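Some notes on the structure that comes next.
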Amino acid sequence: MLKRVIINNKKVPVPVPVKTLADALHWVEETLVPAGHTITRVALDERVVGDDPSAEVAATKLTDQSKLEIQVDSPVELTVQTLDAMRNLASVILGGLKVLAVECWQARPNFKPAELESVTNDLELIIDLISHIMGLVDPLHVDSAAIQGIQGMLKRALVGLRMAKSNSDWKACARLLLNRLEPLMKDLVVESETLQLRILTQTSVQLSQRAPTG
């Protein structure tokens with residue numbers, strides 16, 4: 001039976017009979033996960049099994065030598081982490097847009113600029129990350145209208161970029177990259193940092209209000 005579990009890098013003794021991974025996750029969720037928090041990572045004996053393992057994996061027998069590591073995050077932590085990842089990705093895209101735009105402008109109709117597909121995929125990922133953030137931000141009651149507005153404009157720009165790609169209209173791609181995507185990436189970098197600061201500030205205020213006085 002499992003003797004200890006590692007929660008957010010801290011060892012926690014297991015005082016109840018826990019024979020399988022499913023038993024362990026159930027016990028952790030019932031006793032150690034604070035309200036509003038979520039299990040985001042599970043690793044057994046150095047192998048990541050995800051936060052929702054299959055029935056076969058969940059039935060894995062545990063021993064006193066088993067090493068079970070679990071990461072538990074709050075909506076605030078998840079939002080901050082996602083905003084960091086999104087801002088970093090936006091900065092990477094921004095750094096290469098001018099070079100890619102020049103390549104597109106100079107490309108012949110039968111030549112596809114090498115990095116265009118990668119940028120398109122990255123933009124799709126950013127749109128998905130914003131949707132994920134919106135699902136986390138709502139319960140925090142933080143104004144996220146600016147990020148949502150950028151997401152809407154990114155979707156429209158992405159549609160235009162896909163159409164231009166399908167027509168091998170590389171000059172149109174170049175114009176979209178410089179005139180629409182570059183300003184949007186700059187705005188996204190700024191607004192994601194602003195939203196992150198708002199979330200952290202509000203969380204700090206909430207914690208100070210809950211702190212005992214006297």
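FYI, it's all coordinate maths here, none of it is from the lab. From a predicted model like this one, the values you see are computed outputs, not experimental measurements. All Cβ positions, even for glycine, are placed from backbone atoms using ideal geometry, and neighbour counts span all protein chains on display.
In the chain, the longest principal axis of the Cα atoms and the axis of helix 21-31 are about 90 degrees apart. Taking amide H positions as modeled 1.01 Å from N, with prolines and chain starts lacking one, the residues under 5 Å from THR40 and 5 or more places away or on another chain are GLN71, VAL72, ASP73.
With both labels modelled 7 Å from their Cα along Cα-to-Cβ, the LEU125 to GLN202 distance reads 2.7 nm. Just check segment 4-73 against the gyration tensor rule for me: Cα atoms, a ≥ b ≥ c as the square roots of the eigenvalues, rounded for a/c under 1.5, and otherwise prolate or oblate depending on whether a/b exceeds b/c. It is rounded, given that a/c, with a ≥ b ≥ c, falls under 1.5.
Scaled against the 2.2 N^0.38 Å expected of a compact globular protein of N residues, the Cα radius of gyration of the chain reads 1.35.
Once backbone amide H atoms are built at 1.01 Å from N, VAL5 has VAL12, VAL14 as its partners under 5 Å, excluding neighbours fewer than 5 places away on the same chain. Taking every alpha-carbon pair under 8 Å whose residues sit at least 6 apart, the chain reaches a relative contact order of 21 percent. Relative contact order, whole percent, for segment 4-73 stands at 47, derived from Cα pairs under 8 Å and 6 or more residues apart. FRET efficiency for the pair ASN110 and LYS186, taken as 1/(1 + (r/R0)^6) with r the Cβ-Cβ distance and R0 = 30 Å, rounds to 0.35.
Take the Cα of ALA43, step 7 Å toward its Cβ, do the same at VAL99, and the gap between the two points is 3.3 nm.
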